[in-house]
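Have a look at the structure below, then the notes.
The values are calculated or read from the model by the stated rules, or taken from the named source; none is laboratory data. Quick caveat: nothing in here was measured; it's all calculated off a predicted structure. All Cβ positions, glycine included, derive from the backbone under ideal geometry; neighbour counts span all protein chains shown. For accessibility, only protein heavy atoms count, side chains too; no ligands or nucleic acids. Shrake-Rupley method; radii C 1.70, N 1.55, O 1.52, S 1.80 Å.
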Amino acid sequence: MYKQLQQRGAERPPVNISTLASMKSKGQKIACMTCYDASFAVLVDEAGVDLVLVGDSLGMVIQGYDTTVPVTVDDIIYHSRAVARALVRPLLVADMPFMSYSTPEQALNNAVRLMQEGGAQMVKLEGGAGQVEVVKYLASHDIPICAHLGLKPQSVHKIGGFRVQGRDGDTASAMRKDAKMLQDAGADIVLLECIPSDLGSLIAKDLHVPVIGIGAGPDVDGQILVLYDILDITSGRKPRFVKNFMLEGGSPLGAIEAFCLEVKDGTYPGPEHGFS
Ligand code: KIV
């Protein structure tokens, strides 16, 4: 039976944690994209994306909320299951929504649901030093984890808006420490959102696990963007790191392919997409 599973997609072997670790060690950039349904999942897979995130950004781009706070575990499971049905090669990561991991036991219960009911292969949670116990507990139960640092959208009401994090010396060194602690607690990937490019570069060098950035500069191990942003179908003011890939790609598949190509060859993100 295991042989049958391994042969599935043998020409395009599925991406796993070891694939990503080996890409980091070879200096090959990792292309990541959010996705929320089966139709786009087919395109994202075909375009060559390595890691797909069913992000709680779906609260904003699909459900029309102003923040990610109202998103529930059931919402993520619904979308993750749809994406999982269509994906063959990329690693599927599902977001743990606001307050779904406030204790280690609650986190384990919800992570298991995301994996068993949603088909996710890894879960992502937002947090620094305060989440070390949760990460340790999940890791001790063999749950693959992505730890999200920098701008943490679930904390928007506490931090008072969506803004760049880690700009002063103290917060920057706290973030470096947090990243190391989360890695040592068992995080398999660290995701950095909206931080100065120099800090992104330092954290990627500090860690042996892959570091994925969104507005964290070019010198991290991979890049992720919100699918609807690259397709230019989100309204309102766009963050500085967003690029409309429809201009180069011309179609949804072409735009995702252009994103992958530019991440892999280092063209994206350019200096204009970063923070100082
Ligand atoms: O929810 C999400 O889509 C995310 C990305 C912005 C990284 O966390």
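Side notes on the structure shown:
- Condition check for Ile224: modelled with pLDDT of 95 or more, in a helix (DSSP H, G or I), open to solvent by less than 30 Å² (accessible area, probe 1.4 Å) and β-branched (Val, Ile, Thr): no
- Any hit, the stretch 180-187, residues being buried (at least 20 other Cβ atoms within 10 Å of the Cβ), within 16 Å of the ligand (Cβ to nearest atom), within 14 Å of the chain's Cα centre (by Cα) and part of a strand (DSSP E or B): no
- Among the candidates Leu202, Leu231, Leu225, the residue that is out of contact with any Asp or Glu (no Cβ under 7 Å at 6 or more places or on another chain) and under 19 Å from Leu20 (Cβ atoms) is uniquely Leu225.
- Residue in the stretch 106-128 that is at pLDDT below 95, open to solvent by less than 60 Å² (accessible area, probe 1.4 Å) and part of a helix (DSSP H, G or I) present: no
- Pairs with Cβ under 7 Å, 6+ apart, first in the stretch 196-215 and free of Cβ contacts under 8 Å to residues at least 60 places away in the same chain, second of a type in the set (Phe, Trp, Tyr) and within 14 Å of the ligand (Cβ to nearest atom): Ile214/Phe241
- When the residues of the stretch 85-118 are filtered to those that are of a type in the set (Gly, Ala, Ser) and under 25 Å from Val211 (Cβ atoms), the one that is nearest to the chain's Cα centre (by Cα) is Ala94.
- When the stretch 167-198 is filtered for residues that are under 14 Å from Ala129 (Cβ atoms) and small (Gly, Ala, Ser), the ones remaining, listed by number, are Ser173, Ala174, Ala179, Ala185, Ala187.
- Only one of the numbered conditions (1) within 16 Å of the ligand (Cβ to nearest atom); (2) more than 17 Å from the chain's Cα centre (by Cα); (3) under 21 Å from Lys29 (Cα atoms) is not met by Arg163, and that is (3).
- Where a residue in the stretch 219-231 is free of Cβ contacts under 8 Å to residues at least 60 places away in the same chain and more than 9 Å from the ligand (Cβ to nearest atom) and its partner, wherever it lies, is of a type in the set (A, V, I, L, M, F, W, C) and part of a strand (DSSP E or B), with Cβ under 7 Å and at least six apart: Val220/Leu192; Val220/Val211; Val220/Ile212
- First in the stretch 24-43 and within 14 Å of Glu257 (Cα to Cα) and within 15 Å of the ligand (Cβ to nearest atom), second anywhere and part of a strand (DSSP E or B) and of a type in the set (Gly, Ala, Ser), Cβ under 9 Å, 6 or more apart: Ile30/Gly222; Ala31/Gly222; Cys32/Gly222
- Ser140, sole failed condition from (1) open to solvent by less than 60 Å² (accessible area, probe 1.4 Å); (2) out of contact with any Leu (no Cβ under 9 Å at 6 or more places or on another chain); (3) within 23 Å of Thr19 (Cα to Cα): (1)
- Extreme residue, farthest from Pro14 (Cα to Cα), among residues of the stretch 129-174 that are part of a strand (DSSP E or B) and touching a helix residue (DSSP H, G or I) at 6+ places or on another chain (Cβ under 8 Å): Gly150
- Enumeration of residues in the stretch 54-84 that are buried (at least 20 other Cβ atoms within 10 Å of the Cβ), touching a residue at least 40 places away in the same chain (Cβ under 8 Å) and assigned to a loop (DSSP other than H, G, I, E, B): Gly55, Asp56, Ser57, Thr68
- Near pairs, Cβ below 8 angstrom, 6+ apart or cross-chain, from the stretch 255-276 (at pLDDT 95 or above) to any residue that is among the β-branched types (Val, Ile, Thr) and part of a helix (DSSP H, G or I): Ala255/Ile230; Ile256/Val44; Ile256/Ile230; Phe259/Ile230
- Counted residues, the stretch 91-105 - those being open to solvent by 20 Å² or more (accessible area, probe 1.4 Å) and either within 16 Å of the ligand (Cβ to nearest atom) or in a loop (DSSP other than H, G, I, E, B) (or both): 4
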